[in-house]
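Each remark here refers to the structure printed beneath this line.
No lab work stands behind these numbers, since they all come straight from the coordinates. In this text the structure is predicted, and so the values were computed from the model without any measurement. Glycine gets a Cβ as well: all are built from the backbone with ideal geometry, and neighbour counts include every protein chain shown.
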Amino acid sequence: MKYDVIIAGGGPAGATAAMECARAGLSVIIIEKEHLPRCKPCGGGVTAAAANLLWCPIPEKIVEARCSSFHSFYGAKSIKIDSEKEFMYVVAREKFDYWLVRAAVHVGAVLREGEEITSFDIEPGGVTVRTGTAAYTGKLLIGADGVNSIIAKTIRGPFRRNELAFCFCTECVDKENSDYNQGMIEIHYGPLPMSYSWVFPKRECLSVGTGGWCADVAGLKAALHNFLEKKGFEKQNVRGHALPLGGIRRTTVDDRVILAGDAAGFADPITGEGIRYAVASGRLAAKTAASLLLAGLDLKIKNLLIYEERCYAEFGADLKAAMSIARLFQRLPDFLFGMYFNSQEPFQKSLEIIHGRLSYQKYYRWFLHHIPFMLFRKVQPSGLKPTNRAD
């Protein structure tokens, strides 16, 4: 059978693209190298902004915790903020991803599990994808096969080391700490440059990890072990994975090929969040596929470039602004974190981004405008209030 769309990868980007393609009346197949549900190294945080992009609320049986309290640390400094509304849901990725894929299958997508794509060919009449056991033909290929995407490597080349972040994560049991069970997350900034450690609550355990820009992978793993020891958490099975730094312009289309999610390089360079942009790009990939295929239009790169334009307009410019902020913190970490931890306002603004109510572009403008005020607040002697006197 020849499909309209072949999708490489059954993660959030691939599953979302498959669902939207099937809903549009296209024949679509998902080729996933693992058998689902499969283990996925990840903190498991789904922001409110990401959840708002889904077609329905996340089922209660998949939600491990609903988080509305944020406790952040930088050295001896700390700030705690309680939000009126939940800003993040913690999930087990194997259950969350499986739910997304099953939803796509329910509306008509075909699923092939346990088949790893080994190669593909672009031909005048379509695309042929080969696995270790079969070959599939289609009109369009959506590469949603993650940061190590064979599709992306073929059309663009692999990510460079300085375009990647890396994280190590594990699950720990700590039933005595009630704060986590009540929906609080902890973020500890700066175990290494451009890194942070996290503690997310789950029903029976805690999701704990350390992630950062990819300059020192061995150091990140050591930092996680030190963090676990400091917190008194028992070391469990530690797993690691790479993720792309978003906000960098990259090629995401070729003749009969669209890249989505991590394969395209869509992840937050500050927080590492990828699910939000996986879902968003999966939807836009499907929208592009449907608009061209149903109209009988050519699938050459000149027409597929509309996908890049849509991605940039919807979230790409935002990721670019996030990267600009991240590079400021890369250059002046102590200076900027010192200002941040002198007031709750920057963190409250950041939570607005996670809620989906504020863009990084607007936050960046606010950030640049308020640096002088935050700096003034930082250098004010304790207990001394500014006055409006002019002597």
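Quick notes on this structure:
- In the elastic network of the chain, a GNM with C-alpha springs shorter than 10 Å, the most mobile of Cys205, Cys56, Cys311 is Cys56.
- Label point 7 Å beyond Cα of Lys230 along Cβ direction - residues of segment 69-97 with amide nitrogen under 20 Å: 70-81
- Förster radius 56 Å - calculated FRET efficiency between Val107 and Arg331, Cβ distance, rounded to 0.05: 0.75
- Reachable lysines, given that their alpha-carbon falls under 24 Å from the alpha-carbon of Lys80 and they are not under 8 places away in the same chain: Lys175, Lys202, Lys230, Lys231, Lys349, Lys362, Lys378, Lys385
- Built amide H within the under 5 Å cut-off of Val46, gap 5+: Tyr89, Val90, Val91
- What the phi angles of segment 111-119 give under the Karplus curve with 6.51, -1.76 and 1.60, with θ = phi - 60°, is a coupling list of 10, 10, 9, x, 10, 8, 6, 9, 6 Hz, glycine and proline written as x.
- Estimated from the Cβ-Cβ distance and a Förster radius of 30 angstrom, the FRET efficiency linking Ala313 and Lys80 is about 0.25.
- Which of Arg156, Arg161 has the fewest Cβ neighbours within 10 Å, and the rest in rising order: Arg161, Arg156
- For Ile258, the residues whose amide H sits under 5 Å from its own are Leu141, Ile142, Gly143, ignoring neighbours fewer than 5 places away on the same chain, with H placed 1.01 Å from N.
- Cleavage-rule hits, GluC sites (Glu not before Pro), segment 229-281, DSSP coil, Cβ neighbours within 10 Å at most 14: Glu234
- Nearest-ten-degree value, helix 93-106 long axis tilted from longest Cα axis of the chain: 40 degrees
- Sequence-distant residues sharing a close amide H with Leu164 (under 5 Å, placed H): Cys214, Leu245
- Stokes-Einstein, applied to the Kirkwood radius of segment 332-379 over Cα pairs at a viscosity of 1.002 mPa s and 20 °C, places its translational diffusion at 194 µm² s⁻¹.
- The candidate values are (1) 4, 19, 27, 27, 16, 5, 1, 0; (2) 5, 23, 31, 23, 12, 4, 1, 0, 0; (3) 5, 19, 25, 23, 17, 9, 2, 0; the one derived from this structure for P(r) over Cα pairs in 10 Å bins from 0, in percent carries the label (2).
- In sequence order, calculated HN-Hα J values of segment 143-152 (Karplus, 6.51, -1.76, 1.60; Hz; x Gly/Pro): x, 10, 9, x, 5, 9, 3, 5, 5, 5
- Helical runs assigned H by DSSP (4 residues or longer) give the chain a calculated mean residue ellipticity at 222 nm of -11000 deg cm²/dmol, each run adding -39500 (n - 2.57) before division by the residue total.
- Under a model in which nothing but the beta-carbon of Lys, Arg (+1) and Asp, Glu (-1) is charged, the chain shows a dipole of about 700 debye around its Cα centre.
- Whole-Hz couplings from phi, Karplus 6.51/-1.76/1.60, listed for segment 309-324; x for Gly and Pro: 5, 5, 5, 5, 5, 7, 8, x, 5, 5, 5, 5, 5, 4, 5, 4
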